[in-house]
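Values in this text are rule-based calculations from the coordinates and carry no lab data. In this text, all values refer to a predicted model and were calculated from it rather than measured experimentally. Note: ideal-geometry Cβ built from the backbone for every residue, glycine included; neighbour counts use all protein chains shown.
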Amino acid sequence: MTIEAYYGSAQNTESNQRFYMIFGEIISFKTMSHSSLKSNERVITLSLIRKRSEHNESLVSNLEEIALHQEELTGIGPTLGRLCGKTLKILLLQNNVISAMNPTDFKYFKVLEYINLALNNISVIQGLDSCEFLKKLDLTLNFIDLDRLEDSIDCLTSCTNLNELFLLGNPCCHSSDSEQSGHKKSSGWKNCRLYIVARLPQLKSLDGTPIVHSERIRAIQKLSQLESELEDLAGKCMERKEKLRIDSIHASDGDMTKHCPEDRIRISNEMAQQKAEKEKKEKSNQPKFKREADFMNDQNEAIEKARVKEGGGEIKQCNEGKWEFRFDEEMKPGYFTLDIKIQKHLSSSLIDVDVHPTYISIVIKGKVLRLVLPAEVKSEESKAERSTTTGHLLISMPKCDPNCLVFEKKKSSVKNQSDNKSTVKKRPARRQGLQSLMMEEVDKIQKGPPVSVKGIVKNADVDGDINVNSGLDLFETKTTLKQNSRHEHSIDEIEPPPLI
């Protein structure tokens, strides 16, 4: 199959020629296989990205900011990075149940400046080594404890542009909660802030509080002491977690929920199920839109039905799609050219052309256009082309008799008819009105028998005018004596001339 420089493609057969219009670029996108995802894992998909990128007209390639909060996500996935990693600068993922920061999910983000992962289930910071332009990281209210604090800070040391960090609400940070009795219950590590300030010299603000120069000097001076203290606390934290895990196995399930990753995931699964059911109900009430695969199935079925009818000898002209078309034989001498007006954005894969010696059959988007040709053509030498600017389909069919001019005869006959019409228009119109009636009466009088003036002159005026009245009193007129002088003698009194 060869693609023309300006138009479409063609394929030859013996008895007829069928054109499969496959025109355009095929883009393949490699996504994750379903086997790599767990049954209850919810990650970012292309449809979700388009849904949340309405501010960018649902365009993905140049997206710079996206908000994916409260989507019950359990992970990020590689789709977002592969599609938007080169342009995305702001990523908002707060209030989900993301448990881990997978390094493979962040390796595609090259210009990311702000990540918000507040209110998630993250227990350790990782995967941000490739985000060299990261300036702000929000991990408020997560589950980063003392046993993974050192690993988390080691990951952030490679982010040289990191200016702001939020870790408030994590188990590692120091906080004091007031009880009902009035006493304050402290939790976390009191020197956690000093340890982070000493380990991350690029930070300018921690938990919304600016880091002053004196605080940084004091933290650096105590760094060795803080590291040894953290090592002891990390060991105790691991022992405590192991004890809680054993107790939770033997304990009976109660109705009370705790602020732990497991309970948050369970609640999130219930919320996700409710949202899915709600969306399913909404979609059931909406009209169904056909996908590209549905259009292709309709197209194949229409092609098969049309070819079966034509194979049985049933050749009837039809235009189911009401397409505008035009035959021409002057554009290319010796050829019939059929120009069909097709929408510019209609996929060429939905066009099938079948040229026969005496007729042509075209299936466009499931609609059949079948035309009987004015003269016999060579179907094996025909060619179908489609314009890339207007979308029109142009089919060139060579005549079996190149000297045959079908449309010229029709034009000459039409011209003769127009000449006859012009001669008819040049004929004078029939005179109507009072004047025409008067002229008819005068013609009747002139063509009638001669009438003697003698005996009908009743009186004469002094001025020489006389009144002439007919026996029927049809009309009255005036005349001069000079005009009546010719009728002084009647025609009966005139003697004939002598015979010679």
- Pull out the extension gain between Q274 and D151, defined as 0.36 nm times the separation in residues minus the alpha carbon to alpha carbon distance; nm, one decimal. 40.6 nm
- Query: If you take the square roots of the eigenvalues of the alpha-carbon gyration tensor of the range 254-377 and sort them as a ≥ b ≥ c, do you get rounded (a/c under 1.5), prolate (a/b over b/c) or oblate?
  - Reply: prolate
- Message: Given R₀ = 56 Å, what would the calculated FRET efficiency be for I265 paired with K378, taking r from the Cβ atoms and rounding to 0.05?
- Response: 0.20
- Query: With a ≥ b ≥ c the root eigenvalues of the C-alpha gyration tensor of the range 89-163, is it rounded (a/c under 1.5), prolate (a/b larger than b/c) or oblate?
  - Reply: oblate
- As a Kirkwood estimate from alpha-carbon pairs, the range 94-223 has a hydrodynamic radius in angstrom of 15.3
- Item | Global geometry of the range 186-235, whether rounded, prolate or oblate, following the gyration tensor of its Cα atoms and the 1.5 cut on a/c | oblate
- Item | Sites N163 and N300 - FRET efficiency at Förster radius 51 Å, r taken between beta-carbons, to 0.05 | 0.30
- Query: So what are the ³J(HN,Hα) numbers for the range 334-351, from phi and the Karplus equation (6.51, -1.76, 1.60; θ = phi - 60°), rounded to whole Hz, Gly and Pro as x?
  - Reply: x, 10, 9, 10, 10, 9, 10, 7, 10, 4, 5, 9, 6, 5, 5, 6, 9, 10
- Largest first and rounded to whole Å, the semi-axes √(5λ) derived from the alpha carbon gyration tensor of the range 298-366 read 21, 18, 10
- Query: When the Karplus curve 6.51 cos²θ - 1.76 cosθ + 1.60 is applied with θ = phi - 60°, which whole-Hz ³J(HN,Hα) does each residue of the range 85-101 get, with x for Gly and Pro?
  - Reply: x, 7, 10, 5, 10, 10, 10, 10, 10, 6, 6, 10, 10, 6, 9, 9, 9
